[in-house]
Amino acid sequence: MKSAETLLQRTEETIEQARLERFETLDTFFQGLPDRVEEAGGSLRAQEVLDELSGLVRIPLRLSPDEMRRLASGDDSVSDSLREQVDTLIVQLNLVRLIGTLQRRVDDLDLKPAQFQGMEWQDIANQVLNQLDATLARRTDQLAAPGAAIDRDLEAAFEKTGDGLIDLEQNLHALMGLLAVMAQGTKVSFDRRTHRRGQQRIIRLTYFFHAAHLIDDREPGELEAYILEHLQGAQVAQQQLWGRFEFARLAQSEVTLSQLDARVQDQLADELGAERYAEAASLNLKDLAPEEISKVVGVLGRRLQNEIYREVLLSVISNLWVDYLTRVDALRVSIGLEAFAQRDPLVQYKGKASEMFQTLLAEIRSGVVGRMLTYQPSRRSTASVDKDKPAAETPLAAPAAGSDNGDSRADRKKKRRRH
């Protein structure tokens, strides 16, 4: 509802601004109309004048035959009728956009621009808000009431657990699944081409609005601390997630600690202790104790996360650095023109180069943040090949004599040579 009120307020401001602009254009046009009539010999072509005026106000205008004759003679009494048309069409156009925007958010909102014909804007806004409130209340009853769609889907989800009980505090995966069940649903639909009945997936809830409502009344400093705390928690969760995936992959391949990257081995030695690491170096990862597995997962997760951070930072810097060098080179070429303005080229060059470097740093920060929000990491490996392990012997055929092999290779080259 708050977003709808904001949208109505912005629409009202747009209407008022459009009115002032169009009415000022009409007044200016009719102020100069008598002079044009006098220059034309007492009369103008009414349709040409009306078309010109429609183009100026960017709204199609219509006049009766009597009004067209008065317009041709330069009578400014026609301006009142034109102002009414302009005002009506401005309100109607913005009302159509408003209703379309609201119906994209609330698809079952039953509003039509024709039902607001001739009403004042305040009455229109009140009626739109009342209709929207009633629609949202009806949707809440349809989705969240006992026995409604969300209730039925949650009961079905709980029945799949066997005893119908889920410890949400201990099972975050189950909690996310229940939130997804509440947010998405299905409805019956018919294919327009085949006229067959089917199920269409729909979005019932959007948690962004709920999150915005939770932080609506918070102070900027409190909100900043909350966001940073959330991001730090997400960072730790991602480390654990990537560490588990990497650990599972390495354990499936029966990798030992001694086969990991040297830097990872150093970190594991610090985490496990040098003595314990020496004992466990030859063990498979899956044979470690649970607390040791947790430490290995943390090390692997941090290593992968650091690699991702490094890749993101280097990719952004590489792209922006080339553009920065190009601009600095262009500045170096053009800085000599500062002498014509009685300015020291060296001082101007240092000042502008410093500004360009600060701009580069700001662009790097912005680019890294934007890239992090859309980055999709590829599969990586922290294990290296054990070079001390003997390679499998592969039987090879005895090579031919060196002279014969050389001659045959020379013959093949001669055959491929083109003249």
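Laboratory data are not the source of any read-out in this text; all were calculated from the coordinates shown. None of these values were measured; they are calculated from a predicted model. Backbone-built Cβ (ideal geometry, glycine too); neighbour counts: all protein chains shown.
Computing FRET efficiency as 1/(1 + (r/R0)^6) for Leu56 and Asn126, where r is the C-beta to C-beta distance and R0 is 35 Å, gives about 0.55.
Between Ile215 and Leu228, 0.36 nm times their residue separation minus their Cα-Cα distance comes to what?
Values: separation 13, 0.36 × 13 = 4.68 nm, distance 1.38 nm.
So the extension gain works out to 3.3 nm.
Less than 5 angstrom separates the built amide H of Leu260 from those of Ser384, all sequence-distant by 5 or more or on a different chain. Modelled label positions at Asp261 and Asn319, each set 7 Å beyond Cα in the direction of Cβ, lie 2.3 nm from each other.
Taking 7 Å steps out from each Cα toward its Cβ at Thr359 and Arg343 produces label points 1.4 nm apart.
Once the Cβ-Cβ distance of Asp75 and Thr25 is raised to the sixth power relative to R0 = 30 Å, the FRET efficiency obtained is 0.95. Positive contributions from Lys and Arg (+1) and negative ones from Asp and Glu (-1), summed over other residues with Cβ under 13 Å from the Cβ of Ile317, come out at 0.
Grab the beta carbon distance between Glu159 and Phe245, set R0 = 35 Å, and tell me the FRET efficiency rounded to 0.05. Walk me through the intermediate numbers first.
On the way: r = 31 Å, r/R0 = 0.88.
It comes out at approximately 0.70.
Tell me, in nm to one decimal, what length is gained between Ala134 and Asp66 on full extension, where the rule is 0.36 nm per residue of separation less the Cα-Cα distance?
On the way: separation 68, 0.36 × 68 = 24.48 nm, distance 4.71 nm.
That works out to 19.8 nm of additional length.
For the stretch 1-97, the relative contact order works out to 36 percent when only alpha carbon pairs closer than 8 Å and six or more residues apart are counted.
For Arg204, the residues whose amide H sits under 5 Å from its own are Gln184, Gly185, ignoring neighbours fewer than 5 places away on the same chain, with H placed 1.01 Å from N. Cβ-to-Cβ counts within 10 Å put Met68, Met182 in ascending order as Met68, Met182, the fewest first. Computed from backbone phi with θ = phi - 60° and the Karplus coefficients 6.51, -1.76 and 1.60, the 3J(HN,Hα) list for the stretch 105-110 is 7, 10, 5, 9, 6, 9 Hz; x is used for glycine and proline.
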